[in-house]
Amino acid sequence: MSWAQAPGRLVIAVDGPAASGKGTLARRLAAHYGLPYLDTGLLYRMVARAVLDAGHDIADAEAAASLVSSFDEGAFLEDSLRGREIGEAASVVAAMPAVRAGLIARQRRFAGQPGGAVLDGRDIGTVICPEAGAKLFVTATPEVRAARRHKELAGRGEAASFDGILADIRRRDARDSGRSDAPLKAAEDAVILDTSALTVEEAAAAAIAIVEARRRAVPAPEGVN
Ligand code: CDP
C-alpha cells in the first residue's frame, strides 16, 4: 500500500483550467472531510510576485529559479496575489521546469500530512500526487469560466471587459496545456466534472459523490472509516 493510500488517509487531487471552479470545490471538499487545503496556484503566483517585486522581467527563468527555493510563503498579502495580471504572470513562471521542480517538495509535504489533504492545481493528479485516493478534473466552457472570472474581478473592484477576460482564459489554457513540463491534463484515473450548467451547491454535491464512489471502490482497511 502506498503512502497516499495508507489507513485513515485521504488525499484528494482537484485539477482543472483557470476559473473552472476547482478552488471553490476543493475548499468545499476540504470542509466536508475535515482536511487541510492547499491552493497550489498561489505558490506559482508567489513566485511570479517575487520575480516582479525584485525588479526582474517575468520571462527571466534564472531569476525565477533562484527565487523559487528561497521565497517565504508568509511574506505575501493574499490580495496582492489574486489579481488578473499576476495570474497571467504565474502561468509564465509555471512553464519553467526549474520553478515546477522547486515547488514539488512543498506540495508533497503538504499532501503527506497524517490525515491527508485536498490540493488543487493543474498537475496534482498527474505529477504531485499520482497516488491520490480520489482525483477530480473540474472543467467548464471558456465562456462560463470567463463570466465567473468577470464577476470575481468585479467583486475585487478590478474592472475588465468580458471579451478581454475570455481572451486571457483562452491564452492561459493554451499556455498551460501546451507546455512540455506537467501540462494541464486530466489524469487517466480522474473523474471529469463539467460545472458549466451546475450551481455551486450542485457541483459540490457531485464532487462529494465522486469522492465517495472512489472510497467505495477502494475500501478502507478494517476499522477505518
Ligand atoms: O485561479 P486560476 O485558475 O486563474 O489560477 P491559479 O490556479 O491560481 O493558477 C495560476 C497559474 O499557475 C495557472 O495558469 C498555471 O499556469 C499555474 N499553475 C500550475 O502550473 N500548476 C499548478 N499546480 C497550479 C497553478
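The values are calculated or read from the model by the stated rules, or taken from the named source; none is laboratory data. Since we're looking at a predicted model, the values are computed, not measured. In this analysis, Cβ positions are derived from the backbone assuming ideal geometry, glycine residues included, and neighbour counts consider all displayed protein chains. Heavy atoms of the whole protein, side chains included, go into the accessibility calculation; ligands, DNA and RNA do not. Shrake-Rupley method; radii C 1.70, N 1.55, O 1.52, S 1.80 Å.
Semi-axes of the stretch 68-224's equivalent ellipsoid from the Cα gyration tensor, sqrt of 5 times each eigenvalue, largest first, rounded to whole Å?
Over the Cα atoms of the stretch 68-224, the semi-axes work out to 28, 22, 16 Å.
Carbon-plus-sulfur fraction of the accessible area of the chain, 1.4 Å probe, in percent?
Whole-percent figure for carbon plus sulfur exposure: 55.
Which one, Ala101, Ser20, Ala174, projects farthest toward the positive side of the charge dipole computed for the chain from Cβ point charges (K/R +1, D/E -1)?
With unit charges placed on the Cβ atoms, the residue in question is Ser20.
Per the Cauchy relation, a quarter of the hull surface: what is the mean projected area of the convex hull of the alpha carbons in the stretch 37-88, in nm²?
The orientation-averaged projected area of the Cα hull of the stretch 37-88 comes to 3.6 nm².
Take the Cβ-Cβ distance between Gln113 and Asp181 as r, set R0 to 35 Å, and report the resulting FRET efficiency rounded to the nearest 0.05.
Using R0 = 35 Å, I get an efficiency of 0.85.
What GluC sites (Glu not before Pro) in the stretch 146-225 are in a loop by DSSP, with at most 11 other Cβ atoms within 10 Å of the Cβ?
Filter output for the stretch 146-225: Glu188, Glu222.
Cα axis of helix 162-178 to longest principal axis of the chain: angle in degrees, 0 to 90, nearest 10?
70 degrees
Any idea which of Ser91, Ala65, His32 is furthest toward the positive side of the dipole for the chain, if Lys and Arg beta-carbons carry +1 and Asp and Glu beta-carbons -1?
His32
Cα axis of helix 40-53 to longest principal axis of the chain: angle in degrees, 0 to 90, nearest 10?
Once rounded, the angle reads 20 degrees.
Evaluate 2.2 N^0.38 Å with N set to the residue count of the stretch 1-91, then give the Cα radius of gyration divided by it.
That works out to 1.29 for the stretch 1-91.
Over the chain, average the accessible area per residue using a 1.4 Å probe and give it in Å², no decimals.
Accessible area per residue, the chain: 47 Å².
Please list, by residue number, every one of the trypsin sites (Lys or Arg not before Pro) in the stretch 129-225 that is coil in DSSP and has at most 14 other beta-carbon atoms within 10 Å.
Those that pass, being in a loop and sparsely packed, are Arg156.
Ratio of alpha-carbon Rg to the 2.2 N^0.38 Å globular estimate for the stretch 105-171, to two decimals, please.
1.48
What size of dipole, in debye to the nearest 20, comes out for the stretch 74-135 about its Cα centre when the only charges are +1 on Lys and Arg C-beta atoms and -1 on Asp and Glu C-beta atoms?
Using only the charged Cβ atoms, the result is roughly 200 debye.
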